[in-house]
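S.K.: Handing you a structure now.
All of the numbers you see were taken from the coordinates with simple rules; none came from a lab. What you see is a predicted model, and the numbers here were worked out from it, not measured in a lab. Every residue, glycine as well, gets a Cβ built from its backbone with ideal geometry; the counts of neighbours run over all protein chains shown.
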Amino acid sequence: MIDAAMNRDQLEETKLGMRPHRGLLEEFWHNFKRNKLSLVGGVIVVLFFILGFLAPLLTPCNPVKQFDALRGEHNPLPPLSRSKEGHLFLLGSDKFGRDILARALYGTRTLLELAVGAIAIAFVLGVFMGAVAGYTKGSWLDELIMRAVDIMLSFPTLVLAIALLGAFGIGKTHIGPIVLSNMVKIMVVIAITYSPRFARLMRGVVLQEMTEDYVAASKVAGASGGRIITREVFVNTMPPIMVQASLMMATTVLTSSSLSFLGLGLQPPRPSLGIMLNEARDFLFLGAWWYAIVPGVFISLVILGFNLLGDGLRDSLDPRQARRVQR
Amino acid sequence: MSAMLLQINDLITRFYTEDGVVNAVDDNSLYLNERETLGIVGESGSGKTVTALSVMGLIENPGRIEHGKILFKGQDLLGKSEKQMQEIRGKDIAMVFQDSLSSLNPTLTVGEQIGRVLRFHTKLSSKRIQHRVVELLKQVGIPEPEKRATNYPHEFSGGMRQRALIAMAISCNPALLILDEPTTALDVTIEAQIFELVNRLKEEFGMGTILITHDLAVVANSCNRVIIMYAGRIVEEALVDSLYERPLHPYTRGLLNSILRLEEETQGTLFSIPGEVPDLIDLPDGCNFSPRCRYANERCWQLDPQLEEIAPGRRAACLRVNDIDE
C-alpha cells in the first residue's frame, strides 16, 4: 500500500521533473522574444549593423566624392535632387556636394566599429580588474584597484575623454614602437573612461556570487579558488555585465559622436555622424533641414536600439529570473 | 566497537563580527565510528552547520577555529594546508547542503557538475567520467539518466536535484558523508524517498554519515546515535533508542514533546519550548538553557554545567539531571 503510494509519488515527481529540455541559449531566446520592446531594440541594432557594414553594397557612391558641378557653390541640395552629372542625392547633399546617404551609412559603420571596439576593450579591462578586486576582497590589491576606479569615476566621462585625447593629440600617436591610428586611439581612450564602470559592477557581482551556495558546494567538492572564479562564478556574473555592456554601447555611441562633433574624434573627410552634425550646424536655420536630421536620426536610433536591447537583456539574461517564472 | 572515523576534540569556533564575538561552536567533542550514522540535532544557530564546516575546513573570515583537534582517520585536519584539504573535500569527505537549487550552478548541466568532482579527484578519461555520471544518476534513482545528465538544474524538480547532489557527493566513494538538513526544502513524501536512498547508499558504500537536522523524527529512522546541540554546545549524547526512551536533558525533553504524535490524544494545545535561543554573543550566566528551562534553579543560573558521562555512551550537560527524573 505504502509502496504503491511511494511509486505514485515518484512517478509524479518524475513527471514534474520533465520540464521541456532547453539549452541556456534557447532559454534566453524564449524569455527574450516575449518582450516586444526588446525585440524592437534588437531589430534596430541588427538593422544598423547591416546598414553600416553593407554600406558599399547599399550605396554605389563614394562618401568622400564631391560632385563636380557643385564644387565651390557651398550649397546643400535637398533630398531627391540631382547633381549636374545626374547623380541622385536620395537624402540630399552636404555643403561640399557629397552624398549624405553614403556619408551617413559609412559614418554608421565607423561609429559601430568604434563603439564595439571600445566596449570590447573596456569589457576585458574592467571585468579583469573587477574580478581580481572581488576575489581578493579586502586586500591591498582590492583597495588599489577600487580607489583608482573611484578616481576615474569622479570625472564626467566626456571631460575625461577630452582630457585624454587632448594629452595624446589628434592624429596618429606613437607610444614607443607602437603606432596607434586615430581610430584605435579613440577606442582606447573611450575604453579607459568606461572600464571603471565594468570593474565596479563586476566586483559587486563577484562578491554576491561568491556567497551563493553553489560556490560553497563546489568548495565542498574540492574545487580550488582559482577554478571556482573562472569556471563557476564567471559565467554567472555575465548577465548583469552583458546588460551593462549593451547599455554602455548606447553611451559610447553618444560619446564618440560628441568627440567627433567637437573635432577631437575622427577627422574629416572621414565620414562620421558627429562631424556631419557639426558641419550641419551652420545650415540649421538656412532651410537645409536634411543636413542635420539624417545623422541626428541615425545616432538617435542607434542609441534607442541599444537601450531597448539592454533593457530586454536585463529581463531575459538572468537564468535565475527565468527559473522564477517557471515556478 | 569498530574503528573511529572522525574524532573532534574540544573544538571552539568563533566568529569575530562587528557586533561582537559569536561562540558558534563552544568547546565540543564528538566522535563517529566507521559505518555509523550520527545525528546532530538542534535549532537554527545551535552550531550544527558550523561544526560540519569546521570539519570541512571551510570556516571563512570573520570565523576562526580557535582550539581543538579534528582527527579524520587518525590525521589532524586542522594541520592540513588548503591544498591538502581540497584533495580531501569531495573525495574522502563529502557534504550535501540544504537548498538543492542554490547548491547547483545554474549555468552548468547536472552531468558536468557531477563529472567535475570526478575530474578533480580521479584520473578517469572524459568518456569514462561520462559513463560514471550516468551510472551514478541511475544509482540515486533518476530515470533516463543519459538524458538527465545533459539537463540544467532548473529543469529538475526539488527531489531530483537533491538526488543529483547526493550522486555528486558519493561519486568518489567518500568515507564520510555529511548531510546538512538535506530534506528541509522538500515535501514529506520526497523526504521519505531521499532517506530511503541515503540509507541504501550507506549500506552499499559503507560510509560513515553525519546527519544534521532539526527534526528528531528523521533521526529516529536513520541514525544510530544522536547529539543534541544548544547554543553552540552539546547538551546530550545518546544512542537513538535510549534517547527516545528516556531523554535526560530538559531541552531534549522539550524537543521530543514538541513532536506531534497522532497516537496520543492531544490536549488541545501543542507543546512548545518557551522563550528563544539565546544571543550567542551575550550568553546567559550559568547554563545556557536555564532561562527557558522549567527545572532551572539558583545553581543553574550560576554554574555552567559540563557534559558528563551518565551511563556508558550517554552524556548530558545538566546539573539537575538526577533530580528531574519523573
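S.K.: Relative to the longest principal axis of chain B, what angle (0 to 90°, nearest 10) does the C-alpha long axis of helix B:126-139 take?
M.R.: So the inclination is approximately 50 degrees.
S.K.: What ranking do B:THR189, B:THR37 get, fewest neighbouring Cβ atoms within 10 angstrom at the top?
M.R.: B:THR189, B:THR37
S.K.: Calculate one ³J(HN,Hα) per residue across region B:221-234 by plugging θ = phi - 60° into the Karplus curve 6.51 cos²θ - 1.76 cosθ + 1.60, and present them in order as whole Hz with x for glycine and proline.
M.R.: 7, 10, 10, 8, 10, 10, 10, 9, 10, 9, 6, x, 10, 6
S.K.: Per 0.36 nm of contour for each residue apart, how much would the distance between B:HIS67 and B:LEU239 grow if the chain were fully extended, relative to their Cα-Cα spacing? Provide the component values of the computation, followed by the final result.
M.R.: Details: separation 172, 0.36 × 172 = 61.92 nm, distance 2.73 nm.
Length gained between B:HIS67 and B:LEU239: 59.2 nm.
S.K.: In addition: Long-range amide H contacts for B:MET95: which residues qualify at under 5 Å (H placed 1.01 Å from N, peptide plane, sequence gap of 5 or more or a different chain)?
M.R.: Close amide H contacts, sequence-distant or interchain: B:GLY90, B:ILE178.
S.K.: I would also like to ask the following. Hey, could you grab the Kirkwood Rh for chain A? Inverse mean 1/r over distinct alpha carbon pairs, Å, one decimal.
M.R.: For chain A, inverting the mean 1/r across all distinct Cα pairs yields 22.9 Å.
S.K.: While we're here: Take the Cα atoms of region B:1-159, build their convex hull, and give its volume per residue in Å³.
M.R.: Per-residue hull volume (Cα only) is 158 Å³.
S.K.: Also: If I fit a long axis through the Cα atoms of helix B:110-121 and take the longest principal axis of the Cα atoms of chain B, what angle between them do I get, 0 to 90°, rounded to 10?
M.R.: Its long axis makes an angle of about 80 degrees.
S.K.: Count the net charge of all other residues whose Cβ sits under 12 Å from the Cβ of B:GLU135, scoring Lys and Arg as +1 and Asp and Glu as -1.
M.R.: Residues near B:GLU135 contribute +2 overall.
S.K.: Relative to the longest principal axis of chain B, what angle (0 to 90°, nearest 10) does the C-alpha long axis of helix B:158-170 take?
M.R.: Between helix and principal axis, roughly 80 degrees.
S.K.: Could you work out Rg/(2.2 N^0.38 Å) for chain B, with Rg from alpha carbons only? Numbers along the way, then the final one.
M.R.: Numbers: Rg = 20.7 Å, N = 326, 2.2 N^0.38 = 19.8 Å.
Taking N as the residue count of chain B, the ratio is 1.04.
S.K.: Next question. For every other residue with a beta carbon closer than 13 angstrom to the beta carbon of B:ASN61, add +1 if it is Lys or Arg and -1 if Asp or Glu, then tell me the sum.
M.R.: +1
S.K.: Cα extents of region B:153-221 along the three principal axes, largest first, in whole Å?
M.R.: Principal-axis extents of the Cα atoms in region B:153-221, largest first: 29, 28, 17 Å.
S.K.: Here's something else I'd like to know. So what are the protein assembly as shown's ellipsoid semi-axes, whole angstrom, largest first, if each one is the square root of 5 times an eigenvalue of the alpha-carbon gyration tensor?
M.R.: 67, 27, 22
S.K.: Divide by every residue of the protein assembly as shown the summed helix terms, -39500 (n - 2.57) for each DSSP H run of at least 4, and state the resulting mean residue ellipticity at 222 nm, rounded to the nearest 500 deg cm²/dmol. Don't skip to the answer; put the middle values down first.
M.R.: Working: 24 runs with 321 residues, N = 653.
Calculated mean residue ellipticity at 222 nm is -15500 deg cm²/dmol.
S.K.: Determine, from the Cβ-Cβ distance of A:PHE53 and A:ARG147 and an R0 of 56 Å, the FRET efficiency 1/(1 + (r/R0)^6), rounded to the nearest 0.05.
M.R.: My answer for the efficiency is 0.85.
S.K.: Exposure proxy check: B:HIS67, B:HIS154 ranked by fewest other beta carbons within 10 Å?
M.R.: Fewest-to-most ranking of B:HIS67, B:HIS154: B:HIS67, B:HIS154.
S.K.: Using a basic spin-label model with each label point 7 Å from the Cα along Cα→Cβ, how many nm lie between B:THR184 and B:SER44?
M.R.: 0.7 nm
S.K.: Here is a follow-up. Any idea how far apart A:HIS174 and B:LEU124 come out in nm if each label point goes 7 Å out from Cα toward Cβ?
M.R.: Result: 6.1 nm between the two label points.
S.K.: Follow-up question, since we're still on this one. Using only the Cα atoms, work out Rg/Rh for region A:169-278, with Rh taken as the Kirkwood radius, to two decimals.
M.R.: On the way: Rg = 19.9 Å, Rh = 16.8 Å.
A ratio of 1.18.
S.K.: For a quick check: sort A:CYS61, B:CYS318, B:CYS172 by the number of other beta carbons within 10 angstrom, fewest at the front.
M.R.: In order of increasing Cβ crowding within 10 Å: B:CYS172, A:CYS61, B:CYS318.
S.K.: Normalised by the number of residues in chain B, what is the relative contact order in percent for Cα pairs under 8 Å and 6+ residues apart?
M.R.: On the way: 584 pairs, mean separation 64.5, N = 326.
Relative contact order comes out at 20 percent.
S.K.: Cα centroid distance between region A:158-181 and region A:112-156, in Å?
M.R.: Computed from Cα coordinates, the inter-centre distance equals 20 Å.
S.K.: Distance between Cα centroids, region B:59-97 to region B:32-54: provide it in whole Å.
M.R.: Here the two parts' Cα centres lie 15 Å apart.
S.K.: Quick check: net charge around B:GLU298, other residues with Cβ under 12 Å of its Cβ, Lys/Arg +1 and Asp/Glu -1?
M.R.: +1
S.K.: Shifting gears a bit: Enumerate the helices in chain A for which the Kyte-Doolittle hydropathy averages 0.5 or more and the C-alpha atoms extend at least 30 Å along the helix's axis, using complete DSSP H runs.
M.R.: Helices meeting the criterion: A:100-135, A:182-210, A:234-261, A:289-316.
S.K.: Also: Compute the relative contact order of region A:46-133 as a whole-number percentage, counting only Cα pairs closer than 8 Å that sit 6 or more residues apart in sequence.
M.R.: Across region A:46-133, relative contact order equals 29 percent.
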